[in-house]
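Beneath this line is the structure, given in structure tokens, with notes to follow.
The values are calculated or read from the model by the stated rules, or taken from the named source; none is laboratory data. Bear in mind that the values here come from a model prediction, so they are computed numbers and not experimental data. Note that each Cβ is placed from the backbone with ideal geometry, even for glycine, and that neighbours are counted across all protein chains shown. Just the protein is used for accessible areas: all its heavy atoms, side chains included, with ligands, DNA and RNA removed. Shrake-Rupley method; radii C 1.70, N 1.55, O 1.52, S 1.80 Å.
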Amino acid sequence: MKRVQKPEFAFEMLNVSKSFQKGKIKANQDINLRVKTNEIHAIVGENGAGKTTLMSILFGLFKPDTGEIKVNGQTVNFRSAIDASKAGIGMVHQHFKLVDVYTLFENIILGAELTNKFGFIKKTEARNKILGLSRKYNLKVNLDTKAINATVGEQQRTEILKLLYRDSNILIFDEPTAVLSDDEIQGFLKMLKEFKKQGKTIVIITHKLNEVKAVADRVSVIRKGLYIGTYDVKSTSVEKISEYMIGQKFSEVTNQRKFDYNKIDIALEVKNLTINKISQPKLIGVNDVSFSVKRGEILGIAGIEGNGQSEIALAIGGLIKPKKGSINFYKPKSKKPVDLTKLSIKKIYDEGISHVPEDRLKYALIPDESIAYNVVSPIIDRKPFSNFGFINKRAINNFAKDVCKKWDVRGSNNINAPVRNLSGGNQQKLVVGREIEKFHSLVVMVQPTRGLDLKAISDIHKKVMNDTKKGSSVLLISYELDEIFKIADRVLVIDQGRFVYESKVCDTNKTMVGKYLSRSVKKRGK
């Protein structure tokens, strides 16, 4: 029997262009991208460069304005994502596509249900298939949790399981490791290599160039909607790829100061805090923890996702109420604390707390509202944005434009456009910029640079450190040790709702902290 030869390219996107807002925003301009069959191909570029838009066109979510798309050598004209799925293309989106009121199991099988001859869903068979994939690729999720109660990490792992469940041959991952721990990232990269062995073609959109070097065969760079080129990963350095992305060389910033803990007042003091899990309310997520943040300090909390750090941040922000304990906040020059657990979200904001939540679309943004409204939404009742109940649109627009410019929110030329039109990275910059620019003396930040490019990460780190020079304090919760070690003064490691390690950053190292994180990974794997 004659063996059928696979085409050289899994897909080709030829002279593809796409614009939005009647041509005002040119997301992709005459792009030519060719991805070889059975390769791992990385696509990199700054936030808003057009990477996700390009792959969304391939997946049938957008129609290109011009250009031709070929899959396995054949010209295609997808009318929807259903057509793309039938052609063997699967995509894990940066903004998850889950139905909140469905369980994670129901979300995974939705649209691809296994049925018997009578039309009944074979739930046991489907569940066993998912559990097998979960064990094989270490993608742990509670299938019976509703999507609305799942953590960001669980939602992301669910999206990956959706793709695997459908047996797609061309796999597209958009920022897939943004909320995974270092150990989980290594497992994910190993999974990509296994996919390649199975003959699949993988596209990974990422800003993490170390991951590109670890698994990709080739990398394509897009800058401001333009195709810059495709390069062999082995023969191209990280520095060179970064330069192609940004258009110039840049250097990262790090916190070099020696924080003096003897002379500094307390800004936040948490005592005996106990909180139920968000995803499993009958279980304890935070177990009798106590800690404090000094005035002007950047305190980093490291830990594997799902160990209680999300609950701590949401409790400080007033979005959930603890089972017991106090969260005492001290205003600058004040000796008398305010217990945040007794205040509403609005009053917590008014006290001078800023909050960058882990899930920006769930807690920080109103997707269908304008960019301008989202910039001022937490403070719209204050002067000069409103007075005696009357809205001052000019003041709102001026402030929004200023924040967008200062924080390099690309695609925000029309501040009256819905904020959902911004790329994920630019939505993130908007939220971080809004929280830093408003009146505050404490910022709680969870994954503040999730999905951002190298330059944007460096810019945010610099601005956060400058903010502390003015006396503001920062509680930084991050799954990336690199981020904590770059800007934090002190680090706490959380495991199963308790702190298991504490040190000044200058007195420890990533190896030491990693040992405590590894214990959590081993426990999770049991």
- Note on the structure: Answer check: the range 239-364, Cα atoms, Kirkwood Rh, Rg/Rh ratio of 1.06
- Message: Which order do you get for Tyr501, Tyr102, Tyr479 if you rank them by accessible area with a 1.4 Å probe, largest at the top?
- Response: Tyr102, Tyr501, Tyr479
- Message: If each residue of separation counts as 0.36 nm, what is the full-extension length gain between Ala214 and Ile380 once their alpha-carbon separation is subtracted?
- Response: 55.2 nm
- Note on the structure: Burial-style ranking of 295-302, 215-222, average other-beta-carbon count within 10 Å with highest first, yields 295-302, 215-222
- Rounded to the nearest Å, what's the spacing between the alpha carbon centres of the range 194-237 and the range 308-380? Just the number, please. 38
- Item | Accessible area of the range 155-223 divided out per residue, in Å², using a probe of 1.4 angstrom | 29
- With all protein chains in place and a 1.4 Å probe, Glu369 shows an accessible area in Å² (nearest 10) of 80
- Note on the structure: quick note, the range 414-526, DSSP beta bridge pairs, % antiparallel (nearest 5) is 55
- Message: Can you pull out the trypsin sites (Lys or Arg not before Pro) in the range 105-180 whose DSSP state is coil and whose Cβ has at most 12 other Cβ atoms within 10 Å?
- Response: Lys117
- Normalised contact order of the chain, rounded percent, pairs of Cα under 8 Å and 6 or more residues apart: 16
- Square roots of five times the C-alpha gyration tensor eigenvalues of the range 423-526, ordered largest first and given in whole Å, equal 26, 16, 13
- Task: Provide Glu358, Glu68, Glu125, Glu239 ordered by accessible surface of protein heavy atoms (probe 1.4 Å), highest first.
- Result: Glu239, Glu125, Glu68, Glu358
- Ignoring ligands, DNA and RNA, what percent of the accessible area of the range 228-342 is carbon or sulfur (1.4 Å)? 48
- In vacuo Debye sum over C-alpha of the range 298-453, base-10 log of normalised intensity I(q)/I(0) at q = 0.12, 0.20 Å⁻¹, listed in q order, is -0.54, -1.33
- Query: In degrees, nearest 10, range 0 to 90: what is the angle between the Cα axis of helix 510-525 and the longest Cα principal axis of the chain?
  - Reply: 70
- Note on the structure: Projected area averaged over all directions for the convex hull of the alpha carbon atoms of the range 132-195, nm², comes out at 4.4
- Query: Relative contact order, percent, of the range 219-265 when contacts are C-alpha pairs under 8 Å separated by at least 6 residues?
  - Reply: 26
- Query: If Lys and Arg each add +1 and Asp and Glu each add -1, what is the summed charge of the other residues whose beta carbon sits under 11 Å from the beta carbon of Asn169?
  - Reply: +2
- What does the charge add up to near Ser17, with Lys and Arg as +1, Asp and Glu as -1, over the other residues with Cβ less than 10 Å from its Cβ? 0
- Query: Net charge near Asn392, counting Lys/Arg +1 and Asp/Glu -1 over other residues with Cβ under 15 Å of its Cβ?
  - Reply: +3
- Task: At most 13 other Cβ atoms within 10 Å and a DSSP loop assignment: could you name the chymotrypsin sites (Phe, Trp or Tyr not before Pro) in the range 292-394 that fit?
- Result: Phe388
- Rounded to the nearest 10, the angle in degrees between the Cα long axis of helix 123-137 and the longest principal axis of the Cα atoms of the chain comes to 70
- Item | Burial order of peptide ranges 240-251, 78-89 (average beta-carbon count within 10 Å, highest first) | 78-89, 240-251
- Assign unit charges at the C-beta atoms only (+1 for Lys and Arg, -1 for Asp and Glu), then state the dipole size of the chain relative to its Cα centre in Debye, rounded to the nearest 20. 340
- Item | Simple Cβ-charge dipole of the range 365-422, Lys/Arg +1 and Asp/Glu -1, about Cα centre, in debye nearest 20 | 220
- Item | Over the chain: helical MRE at 222 nm, DSSP H runs n ≥ 4 each giving -39500 (n - 2.57), nearest 500 | -9500 deg cm²/dmol
- Message: Less than 12 Å apart at the alpha-carbon level, and either on another chain or at least 8 residues along: which aspartates and glutamates does that give for Lys469?
- Response: Glu297
- Task: Before anything else, pin down the relative contact order of the range 86-223: Cα pairs under 8 Å, at least 6 apart, normalised by residue count, whole percent.
- Result: 30
- Message: I'd like to know which of Thr206, Gln186, Leu171 lies farthest towards the positive end of the charge dipole of the range 79-212, counting +1 on Cβ of Lys and Arg and -1 on Cβ of Asp and Glu.
- Response: Leu171
- Query: Using the Karplus equation 6.51 cos²θ - 1.76 cosθ + 1.60 (θ = phi - 60°), what ³J(HN,Hα) coupling, rounded to whole Hz, does each residue of the range 56-70 give in order, writing x for Gly and Pro?
  - Reply: 5, 5, 4, 7, x, 7, 10, 9, x, 5, 9, x, 10, 10, 10
- Message: I'd like the distance between the alpha-carbon centres of the range 423-499 and the range 138-179, rounded to an integer number of Å.
- Response: 25
- Message: Students often check this: by mean Cβ neighbours within 10 Å, which of 404-411, 489-496 ranks highest, and how do the rest follow?
- Response: 489-496, 404-411
- Pairing the Cα long axis of helix 393-406 with the longest principal axis of the chain, what angle in degrees results, from 0 to 90 and rounded to the nearest 10? 70
- Query: Rounded to the nearest 0.05, what FRET efficiency is calculated for Leu283 and Thr66 with R0 set to 45 Å and r the Cβ-Cβ distance?
  - Reply: 0.25
- Task: Please express the Cα-Cα pair-distance distribution P(r) of the chain as a list of whole percents, one per 20 Å bin, running from 0 to the bin with the greatest distance.
- Result: 21, 55, 22, 1, 0
- Can you pull a Stokes-Einstein diffusion coefficient for the range 99-221 at 4 °C (1.567 mPa s), Rh from Kirkwood over Cα pairs, as a whole number of µm²/s? 84
- By how many nm would the segment from Gln186 to Ser344 lengthen if fully extended, with 0.36 nm per residue of separation less the alpha-carbon distance? 52.8 nm
- Query: Using unit Cβ charges (K, R positive; D, E negative) and no other charged atoms, how large, in debye to the nearest 20, is the dipole of the range 1-135 about its Cα centre?
  - Reply: 340
- Task: Any chance you could list the semi-axes, whole Å, largest first, of the equivalent ellipsoid that the Cα gyration tensor gives for the range 162-288, using √(5λ)?
- Result: 37, 27, 12
- Message: Could you give the length gained by full extension between Asp368 and Arg498, i.e. 0.36 nm per residue of separation minus their alpha carbon distance, to one decimal place?
- Response: 43.0 nm
- Message: Strictly over 27 Å apart at the Cα level, which of Lys63/Lys249; Lys86/Lys196; Lys51/Lys196 would you flag in this model?
- Response: Lys63/Lys249
